[in-house]
Amino acid sequence: MPSINKIELFKNLQTAIELEHSTIPPYLAAYFTINQDTNAFSWSVIRSVFMEEMLHMTLACNVLNAVGGHPFIDNPTFIPEYPTEFNFADRKFDVGIVKFSKPAIEAFLEIEKPSEQKLRVEGEHLKNLMQPINLEEKTIGEFYQAIKDQLIHLVEEYGEEEVFNGDSSIQITAKHYYGGGGKVIEVHNLETALFAIDIIVDQGEGASGTIYDGDETFFGQEQEVAHFYRFNEIYLGQKYNEGDHPNENPTGEKVTINWDAVIDMVDNPKASNFPEGSAARIKADEFNQLYSHFLRLLHLAFNGQSHLLVKAIGMMYQMKYVAAELLNCPTSDSSKKMAGPPFEYIPLAERKQFHWLVEELVVELK
Amino acid sequence: MSKKNEYDVVIVGAGISGGIVANQLAEKGHNVLILEAGVKKDFSFDTYREYLNTYYENTVKIPNSPYPQNSNAPQPLVTDVDGIKNGIQQFNEKGYFKQYGPAPFQSTYTRAKGGTTLHWLGTCLRMLPSDFKEQDLFGIGKNWPINYYDLMPYYRMAEHEIGVSANIEEQSYLGIAFQKDYVFPMTKIPQSYLDKQLSKWTKNAVFEYEEETFNYKVVSTPQGRNSNPNPKYNNGEGYQPIGAVGNPDLGQRCEGNSACVPICPVQAKYNALKTLQKAVNKGVVIKAQCVASEIMYDDNTGEIIGIKYKEYDDFDALKYDENCFYKEKIVVAKRYVLAAHAVENAKLMLASGFKNKNIGQNLMDHPVLLTWGLAPEKIGAFRGPGSTSGIPSLRDGAFRKNRSAFRVEIGNWGWNWPTGSPSADLSDALSKQLFGKDLRKALLDKVQKEFRFGFLIEQQALSNNCVTINEQYKDALGNYRPIINYNITDHEKEGMLAAKSFSKQFFKTIKGENKTKYDSNNGGYIEYKGESLWWQGAGHLAGTHIMGTTKENSVVNKEQRCHEHSNLFLVGCGNMPTMGTSNPTLTMAALSFWAAENINKDLEQLKN
């Protein structure tokens, strides 16, 4: 029996993982530059969105692992270089590491914008199935729909067992993952794979033509509006009411957005832009080291050592601390702008040991 | 739905007991009203953050520091307690309680939605089987009319509701039994580095006292704090941790914010708002800013015919003129439940003219003997929950005939409780003229080695320890202020001596430095058999309406129904005839589930 060619499926799922991850540094930058006291609403919204992106990334890894693929996380192309261009069917736009601001929220709205077309077109999809999905011709929602179609087609042709032949013991389960927008799904067959993908799409764009993210259906959680609409609530300074229509403005209670209570971070900080020996440079280098080590830990966790995911959480707290320090460092002696987390990749060979580094990574450095 | 002002059940108090009873009864389809004395606050996370901000801004971080004082429903504060002058314990006029001593009563509670679980530490220990029959076993204290095995299924319900994290294999000691194959909803909260080091340094260590030798062990403490769900829980169904009310993703796991007492910033720690939210979703009505002032009853039958309460509009009653600052209303129901905490329940019954002489008597707390010192090396103080382990080994034994048992609570927050560190350490260093690098080094060296013990000493019920009322002492709304008479006995003092000795031996075993030094001017300081002792309140208030077999020896029967008022149930620690050495919330929650069952049976019978 010929083995199934899953290369394109693997490639698309890898793209999905990178896609979900790529939104996180920009969301974190907005999040780190405001605080819970002066911008409680926005802080909560952004936090809940990036927590869900992490869930999405995890779900995508689970799907990839379930079909026998391997997430490739610790690699130089995993983090985009910011500002990066998002290239979708209907629109092209830049997303950068920038402070909380109207332009930042506009970019977030662009990322999460629901596809105009929710209906599946017979035939046309099947034609393109075994070609790599070029995101340039799709919205995020459509991209995932095409992955779902690929899976369905493969199962129809080769049977569920052949398609879902990954090692089930390395799936990330609710034991390893929490606090991020819902329960993580262990993927082991078509139904769970499609379910996992549905969660990604519905939390982002909204559950079929509504402003809600389907969490009530999926998780029995209180009704929450999908990411796009949450960002809209920030942008317009008003919450949605139950029964509001996706194409109309929110009619719920007004919220105060303190656009001024924001740390004035320089746009798209890069470590090399800060003077050698300066506090900004030292901390920026540390942040990049930290983030790269973190990606390595995620890589190990998503490739068989699921118990390491909990240790990654400790590193996330560390990221928060180092970012806070960075945001307190002027970019240069004469500048009023503050440095910020650059999220730049440092290759394994150049990584150093730090006091916050977990044992498993220290061992690898030796 | 309910007719105007008529409910199946009216509950006084929106704390954990009231919340559990309300939630259980609403589940069965009954109409429930809760009257809460505290201010109206919704369950949104934004509102909870107001408490956080109050806490951050308060320079004195006492347990009630996030929860503002409200003259309409005043709360006792730890800072109300006075010190000793010329060897005599002082009792000042400030504060909600009127205390006559001779010993200061140092525990407090919170009058707000969520009650004292807002500021509790979260320790969830079951009582020991012996604790239920101390009179029979040791000739001291009282017997409960029920035993540990009766309470077992309700303990499981309480552990489910609160969400208790513990590993079952570590928790079966001193007779504590569990149902076959039972596991706790979540696996244990990671033990602190301090716990692990102390464990290592005391391997095979023993405690020698009065010709007896005791083995002991550092054991992880079961707690109501979110941890990893145990997939084996509930026959493999698992458990979903409940995060913050109004923000369910937050608080899914303990983050080690180290602020548990007085407030968890993410609500990983259980608080009764979580239960109240569920109750409200089932249709339970909570009316806040309603202070129950009198329970009206028929003189002949004892039947409760209504609860009078004072509903206030504004936060500060003192702003109003004399004429009208509250509206007096009456609510009627088929069954009534008092869940306002031990002292308030007793106070309300006394204010209503209840005749049972046990009401208000047998007030108990856990006097906590604090000792403190330095570990031989840095142990990472001030990280994680207030306490993640303890030493339960001395909770039981024949010695209880002669002295109180105690539980050892290991404190992760340095000397914060006994001395006010790290601020106290800073003041100390500054007085030594240290600054800059020297200051930082001195602080780091010291603070990182600090740990303390809290010995929870069992206290017995005594009729002289009581809550009473008097016309002279009323609050702004004209409700009574509790008058407290309180003391500890030699039995407890002997327990404290043993605790102090344990501490001494422990510090020697681990080669640490015992830095315990008691200030004779501090409230709670005493001298006994040549030893100086100093104890504080644990925040546990119990016994004021104990459970028993007759109306002569108790206020409620084992159904938690008042002997003399058959349509009135009492819940809370006030029902407990003994405290044992465990923090009482878990036991109280278990009893509340049982009470709810009994009330439901009543209501079902009424329907037929």
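The values are calculated or read from the model by the stated rules, or taken from the named source; none is laboratory data. The structure presented is a predicted model; accordingly, all values stated were derived computationally and were not measured. Positions of Cβ are backbone-derived with ideal geometry, glycine not excepted, and every protein chain shown enters the neighbour counts. Accessible surface is based on the protein model in full, side chains and every heavy atom, while ligands, DNA and RNA are left aside. Shrake-Rupley method; radii C 1.70, N 1.55, O 1.52, S 1.80 Å.
Taking only Cα atoms of chain A, what ratio of Rg to Rh do you get with Rh as the Kirkwood inverse-distance radius?
Rounded to two decimals, Rg/Rh equals 0.97.
Could you go through the stretch B:126-135 in sequence order and give the Karplus-derived ³J(HN,Hα) for each residue, using 6.51 cos²θ - 1.76 cosθ + 1.60 with θ = phi - 60°, rounded to whole Hz, and x for Gly and Pro?
Residue by residue, the stretch B:126-135 yields 7, 6, 8, x, 4, 4, 8, 9, 5, 5 Hz.
Angle check, please: helix B:436-447 long axis (alpha carbons) against the longest principal axis of chain B (alpha carbons), in degrees 0 to 90, nearest 10.
That works out to roughly 70 degrees.
Going by average Cβ density within 10 Å per residue, which order do the peptides B:52-62, B:303-313 take, highest to lowest?
The densest-packed peptide leads the list: B:303-313, B:52-62.
Per residue, what accessible area does chain B have, given a 1.4 Å probe and all protein chains present, in Å²?
Result: 39 Å² per residue.
Can you send over the carbon and sulfur percentage of the accessible area for chain B, probe radius 1.4 Å, protein chains only?
48
Could you pull out the pairs from A:K99/A:K311; A:K99/B:K41; A:K99/B:K61 whose alpha carbons sit more than 32 Å apart here?
A:K99/B:K41; A:K99/B:K61
Just how many pairs of Lys in the stretch B:369-516 have C-alpha atoms closer than 16 Å, counting pairs that are eight or more places apart or on different chains?
Within the stretch B:369-516, the lysine pair count is 18.
What does the charge count around B:K551 come to, taking other residues whose C-beta lies under 12 Å from its C-beta (Lys +1, Arg +1, Asp -1, Glu -1)?
+1
Can you find, among A:P103, A:F50, B:V556, the residue sitting farthest towards the positive end of the charge dipole of the protein assembly as shown, where Lys and Arg contribute +1 and Asp and Glu -1 at Cβ?
Result: B:V556, furthest along the dipole toward the positive end.
Taking chain B as the region of interest, what is the percent of Cα-Cα pairs per 10 angstrom bin, listed from the shortest bin to the one with the maximum distance?
All Cα pairs considered, the percentages come to 3, 17, 29, 28, 16, 5, 1, 0.
If you average the C-alpha positions of the stretch B:471-521 and of the stretch B:78-118 separately, how far apart do those two centres end up, in angstrom?
13
Quick one: if the Förster radius is 60 Å, what FRET efficiency do B:Y149 and A:V358 give, using the C-beta to C-beta distance and rounding to 0.05?
Calculated transfer efficiency: 0.85.
Roughly how much accessible area, to the nearest 100 Å², goes out of reach of solvent when A and B pair up, both sides summed, probe 1.4 Å?
Chain pair A/B: roughly 1300 Å² of buried accessible area.
Relative contact order for chain A: what is it in percent, counting Cα pairs under 8 Å that are at least 6 residues apart?
The normalised contact order for chain A reaches 20 percent.
Would you mind working out the magnitude of the charge dipole of the protein assembly as shown relative to its Cα centre, with +1 at each Lys and Arg C-beta and -1 at each Asp and Glu C-beta, to the nearest 20 Debye?
3500
Taking the Cα centroid of the stretch B:387-420 and of the stretch B:220-247, what is the distance between the two, rounded to the nearest whole Å?
26
Taking amide H positions as placed 1.01 Å from N in the peptide plane, with prolines and chain starts having none, which residues 5 or more places from B:V183, or on another chain, fall under 5 Å of its amide H?
B:N234
What aspartates and glutamates sit close enough to B:K269 to cross-link, taking a C-alpha to C-alpha distance under 16 Å and skipping anything fewer than 8 places away on the same chain?
Correct list for B:K269: B:E159, B:E161, B:D249, B:E255.
Provide B:K474, B:K232 ordered by accessible surface of protein heavy atoms (probe 1.4 Å), highest first.
Largest accessible area first, the residues go B:K232, B:K474.
Comparing A:H70, A:H227, A:H245, which has the greatest mean-square fluctuation in the GNM of chain A with Cα pairs linked when under 10 Å apart?
A:H245
Students sometimes get this wrong: rank A:D198, B:D365, A:D37 by accessible area, probe 1.4 Å, all chains present, largest first.
Solvent-accessible surface, decreasing: A:D37, A:D198, B:D365.
Cα extents of the stretch A:271-365 along the three principal axes, largest first, in whole Å?
For the stretch A:271-365, the Cα spread along each principal axis is 48, 24, 19 Å.
Can you tell which of B:V183, B:V78, B:G580 lies farthest toward the positive end of the dipole of chain B, using +1 and -1 charges on the Cβ of basic and acidic side chains (Lys, Arg; Asp, Glu)?
The residue sitting farthest along the positive end of the dipole is B:V183.
Rank A:H188, A:H176 by accessible area, highest first, at a 1.4 Å probe radius?
Of A:H188, A:H176, the descending order of accessible area is A:H188, A:H176.
How much net charge surrounds B:E36 when only the other residues with a Cβ under 9 Å from the Cβ of B:E36 are counted, with Lys and Arg +1 and Asp and Glu -1?
So the surrounding residues net to +4.
Applying a 10 Å radius around every beta-carbon, put B:96-104, B:574-582, B:413-421 in order of their mean neighbour count, most first.
Per-residue Cβ counts within 10 Å, averaged per peptide and sorted highest first, yield B:574-582, B:413-421, B:96-104.
How far is helix B:490-509 tilted, in degrees, relative to the longest principal axis of the Cα atoms in chain B, given as a value from 0 to 90 rounded to the nearest 10?
Approximately 40 degrees, to the nearest 10.
What ranking, highest mean first, results for peptides B:215-228, A:156-169 when packing means the other Cβ atoms within 10 Å averaged over each residue?
Answer by packing, highest mean first, reads B:215-228, A:156-169.
Roughly how many whole Å is it from the C-alpha centroid of the stretch B:339-385 to that of the stretch A:7-72?
Spelled out, the Cα-based centre of one part sits 46 Å from the other.
What is the local net charge at A:V362, summed over the other residues whose Cβ is closer than 12 Å to its Cβ (Lys, Arg +1; Asp, Glu -1)?
Result for the neighbourhood of A:V362: +2.
Out of residues 5 or more away from A:N165 or on other chains, whose amide H comes under 5 Å of its own, with H placed 1.01 Å from N in the peptide plane?
A:G68
Taking the protein assembly as shown, how much of its Cα-Cα pair set, in percent, is spaced more than 41 angstrom apart?
That fraction is 45 percent.
For the stretch B:63-208, what value does the Rg/Rh ratio take when both radii are computed over Cα atoms and Rh is the Kirkwood radius, given to two decimals?
With Rg and the Kirkwood Rh in hand, the quotient comes to 1.04.
Take peptide B:249-260, look around each residue's Cβ out to 10 angstrom, count Cβ atoms belonging to other protein chains, and average those counts.
3
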